[in-house]
Structure formats: structure tokens, C-alpha cells
């Protein structure tokens, strides 16, 4: 009887040890997956403007900036220190919130050495040096699920920009789409390093709500609607 109990206990201990080793191995396998999906989320607070831009610490690190175009004249500004020859990922994703599907902001990367481009007159920077720009216009929405925040988005434009000089650059975001206001996420950088706002989860719940009023193209003056359609025809 004693031998039987000893054998039973031994088997139980072996099974527990195997189970513990299995859990350890699974945990080790999951760590790279979690790290690979890491990025640094932040929120626009207060509103970013030409005189009060949000500074991006390292444009090579994957950063998600949750922001809002909340009026017909709102333009959001971001700045970063670029290094010559660096390829910086810049993109826009739109949270899948009611009323957001047709919201499609335009993005411009502005700074010395970039190609000469034509920007709206309202887009300005503090720099006294001649600036070029790269315009990222919206593309058709592509739906995807983001595992880090466990939320869904529509991916719009996404492009790598080669930085021509070691100096400061500006990113401007504004809306020329049929829906003129809405919520967006500016994506900058692709190096996955954990970090960001420690209160991200609670702030995301507050952010993830429909906007009460979203002006459409038809709410604009006739002359501005005409300019909108001319621009659309020239780009098509």
C-alpha cells in the first residue's frame, strides 16, 4: 500500500513539473509576440497648433498619436528632429467609431530638402528657411484589428519618407474630405519599443466615442466647395 501511494505521488509530482515547464515555455514564446506588437500611444492634449506643436521624441520609434480635427479650421502640428538618410514611416489610421468611415485627413511632412510642393496657404511653420513638403493624401480605407489596444481601425495613407537633412521637420494634419472633422491616429516610426501614456487604457475609453457634430462638405461656403472639387479633379 505504501509503495502504491509513493508511486502515485511521484507520478503527480512529475505531471506538475511537466505542466510548470510547459507554462514557462509558452510564456517565453509569447514574449516576442507581445514585443513585436508594441508601440507608444499618446493623446493630443492640449490641442496641437502651429505655435504649440506636439514634439515627437524619436521619429523612428513606433508612435501612435490619438488626436481630433474638431473644427473646419483645425490644423494639427507635430515636430521632430530628423537625421539625414533616415526613412521615417508616416501614416494615418481612423478609429472605427460611428461617423468616421468617410473621415480622411490629409498629411504633409514639411522641412528643408524635401521636394517643392504646393500646400494650402493656411499651412505655416516657424522656419524662416525654404521648406519643401511631401503630401500624403488619403487612400481607400483598409480595415484592421490592432491587438495592442484590442480596437479596430481603417488604415488610410501610409508612406516612408526619407529625411534629406539633419534638422527639425514638421507634420501637419488637416481635413479636406467630405467629412471635415473626426478622430484619427497619426502613426510615426516603425521601431517597436514599449512605452507611451501610462493611462492609455482609461483615456482610450473616453476617446472612443462618436463626435456629436461632424460638418460635411455641404456645410462649407460655395467657393470653398468649388476649390475642393477642383483639387479632387487635379489629383485624380
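The values are calculated or read from the model by the stated rules, or taken from the named source; none is laboratory data. In this text, all values refer to a predicted model and were calculated from it rather than measured experimentally. We place every Cβ from the backbone using ideal geometry, glycine too, and count neighbours over all the protein chains shown.
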Unique residue being over 15 Å from residue 65 (Cβ atoms), crowded, with 19+ Cβ neighbours inside 10 Å, in contact (Cβ under 8 Å) with a residue 60 or more places away in the chain and in the same structural domain as residue 62 (by TED's automatic domain parsing) when the list is 193, 163, 171
163
For the condition part of a loop (DSSP other than H, G, I, E, B), in contact (Cβ under 8 Å) with a residue 24 or more places away in the chain, within 16 Å of the chain's Cα centre (by Cα) and surrounded by 15 or more Cβ atoms within 10 Å (Cβ to Cβ), what is the one hit in 48, 68?
48
Looking only at the range 131-160, count every residue that is touching a residue at least 60 places away in the same chain (Cβ under 8 Å) and more than 14 Å from residue 92 (Cα to Cα) and tell me the total.
3
Kindly indicate whether residue 135 is touching a strand residue (DSSP E or B) at 6+ places or on another chain (Cβ under 8 Å) and not in a strand (DSSP E or B).
no
Among the candidates 106, 86, residue that is farther than 22 Å from residue 175 by Cβ, at pLDDT 95 or above and in the same structural domain as residue 149 (by TED's automatic domain parsing)
86
For the range 196-209, give me each residue that is farther than 12 Å from residue 42 by Cα and surrounded by 12 or more Cβ atoms within 10 Å (Cβ to Cβ).
208
Do we have residue 74 as in the same structural domain as residue 178 (by TED's automatic domain parsing), modelled with pLDDT of 90 or more and either at positive phi or in a loop (DSSP other than H, G, I, E, B) (or both) here?
yes
